[in-house]
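Input: a single structure, listed below in structure tokens.
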Amino acid sequence: MLGDYPIQGQGAAGIAASVERAVGSGELEPGQLLPPMRELATRLGVNPNTVAAAYRTLRERGVIETAGRRGSRIRPKPATTGRDQIRVVVPEGVRDLSDGNPDTALLPPLVAAFAAAAAQSEREPVLYGDDPVEPELARLARAALDADGVPDGPVAVASGSLDAVERVLMAYLKPGDEVAVEDPGWGSLLDMVPALGLRAVPVGVDGEGPRPDDVRRALRSGARALIVTDRAQNPTGATVTAPRAQELRAVLRDHPDVLLIEDDHGHDIVDVPLHPLAGVTRHWAFVRSVAKAWGPDLRLAVLTGDAVTVDRVCGRQRLGPGWVSRILQRAVVRLWSDGAVDPREVAASYRARRDALIGALAERGVAAYGATGMNVWVPVPDETGAVARLLHGGWAVAPGARFRLGSPPGVRITIATLTSEEADRLADAVAKAVGPTRGRIRA
């Protein structure tokens, strides 16, 4: 069962640490079965409750998974093997289109906004027990959500989209619960789900968002939560259209107890309307960050949802960090209000860059996808080979393995800083690296 590796430790923390060390070193491999708790307790000379506590810790950290009478085993993809490590090393002189970052030239200046926020905080200092949400930020955020058709709900603030999603998941789910996630999807989210001790259930994605049949299958199989990216899906650029939203709502109506989480991180960098799904299930959350449009270092996301969900999130937050800095919130209010950046111009700029590359690839017989956002997804037959050949040709792109569970291979190209002059040269390199796609290609 364990080969030559002996699990050691006399306390729950020591036993858990012993298993984690073995996973990290490769002595315990993904899928390997662990001893039953009573058997291991007898071997170590400890109480079975001690081993149970160790296994619980390992589940919560995403190191092992438990399937009832079938026992506990090392996760196929433990949290210790983060997807963020699946990346190319970009040599000097190679054009880096792999990082997923926005164009800094399209981000607003921050000095005036933070100076104004600091001055306000001197006049109106925020102290323990004060409201954790800046009133003007809540007002502006709620007005924007109302304009986009997001159902009414209280507003909370988290430290970015991933922080908000994690807090919502932990407010409802327990280790071992299944979460339906997009495949391909956001690599950090695909890492986080197992790290929380949850099981990721892949849902296929096309240009209009999650496929309804896949969502239905996942929910019928027992998934307790569904996470959907409304626009600028990473890595494919998919956006949920009105017909697709209608289909997904119909699926969700049959599963009213499922926790729905929507991620609209593409707000302010897209020029297509939002078609929210919220309001169909009893418990839902809608997350909107400022990172892509206003700056990645502004670790702030607005969260709304049904009253119970938001209250649970805020209650947990009060027991941890307490709140997101009101100085930061006030700076974001200033950025939203002063008109230094026109989101329509930002969205148009990214659209022009995406269209230029997708059109150039289509002319060369290569299929590519990117309806919104700052990335283009190119399906490839050989992911490793395509990345290596492009790197040799002077272009660094992100390996699709960072974003996939079971979907076919591909590469992600960040077009945020791609110039019109580069689009044709890059398209030539991609066509040479991956070859033409069978069938007719349309831009």
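What the table shows:
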item	result
Test: residue in region 224-246 that is surrounded by fewer than 19 Cβ atoms within 10 Å (Cβ to Cβ), assigned to a helix (DSSP H, G or I) and not small (G, A, S)	yes
Which listed residue, of A164, A158, A141, is in the same structural domain as W323 (by TED's automatic domain parsing) and either in contact with a helix residue (DSSP H, G or I) (Cβ under 6 Å, 6 or more places away or on another chain) or surrounded by fewer than 16 Cβ atoms within 10 Å (Cβ to Cβ) (or both)	A158
Matching entry among A427, A401 (being at pLDDT 95 or above and part of a helix (DSSP H, G or I))	A427
Some residue of region 47-60 being buried (at least 17 other Cβ atoms within 10 Å of the Cβ) and assigned to a loop (DSSP other than H, G, I, E, B)	no
Matching entry among A200, A225, A164, A147 (being over 13 Å from the mean Cα position of the chain (by Cα) and either over 17 Å from H267 (Cα atoms) or touching a residue at least 60 places away in the same chain (Cβ under 8 Å) (or both))	A225
Given (1) of a type in the set (G, A, S); (2) crowded, with 17+ Cβ neighbours inside 10 Å; (3) touching a helix residue (DSSP H, G or I) at 6+ places or on another chain (Cβ under 9 Å), index of the condition A22 fails	(3)
Test: G100 is in contact with a strand residue (DSSP E or B) (Cβ under 9 Å, 6 or more places away or on another chain), modelled with pLDDT under 95 and assigned to a loop (DSSP other than H, G, I, E, B)	yes
Set G406, G410: member being within 27 Å of the chain's Cα centre (by Cα), within 16 Å of P184 (Cβ to Cβ) and modelled with pLDDT under 95	G406
Test for G385: is it part of a helix (DSSP H, G or I) and either modelled with pLDDT of 95 or more or surrounded by fewer than 24 Cβ atoms within 10 Å (Cβ to Cβ) (or both)	yes
Residue match in region 341-348 (condition: over 24 Å from the mean Cα position of the chain (by Cα), crowded, with 16+ Cβ neighbours inside 10 Å and more than 14 Å from A431 (Cα to Cα))	yes
In region 17-49, the residues that are in contact (Cβ under 8 Å) with a residue 40 or more places away in the chain and farther than 12 Å from S72 by Cβ	E20, V23, G24, E29, P30
Restricting region 211-222 to residues that are part of a loop (DSSP other than H, G, I, E, B) and of a type outside the set (S, T, Y), the residue that is nearest to the chain's Cα centre (by Cα)	R211
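Condition check ((1) out of contact with any Asp or Glu (no Cβ under 6 Å at 6 or more places or on another chain); (2) in a loop (DSSP other than H, G, I, E, B); (3) surrounded by fewer than 19 Cβ atoms within 10 Å (Cβ to Cβ); (4) not hydroxyl-bearing (S, T, Y)) across all residues:
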{"position": "A250", "(1), (2), (3), (4)": "yes, no, yes, yes"}
{"position": "I261", "(1), (2), (3), (4)": "yes, no, no, yes"}
{"position": "G266", "(1), (2), (3), (4)": "yes, yes, no, yes"}
{"position": "P273", "(1), (2), (3), (4)": "yes, yes, yes, yes"}
{"position": "A285", "(1), (2), (3), (4)": "yes, no, no, yes"}
{"position": "R288", "(1), (2), (3), (4)": "no, no, no, yes"}
{"position": "P296", "(1), (2), (3), (4)": "yes, yes, yes, yes"}
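The values are calculated or read from the model by the stated rules, or taken from the named source; none is laboratory data. Note that this is a predicted model, so its numbers are computed, not measured. Note that we place each Cβ from the backbone using ideal geometry, even for glycine, and neighbour counts take in every protein chain shown.
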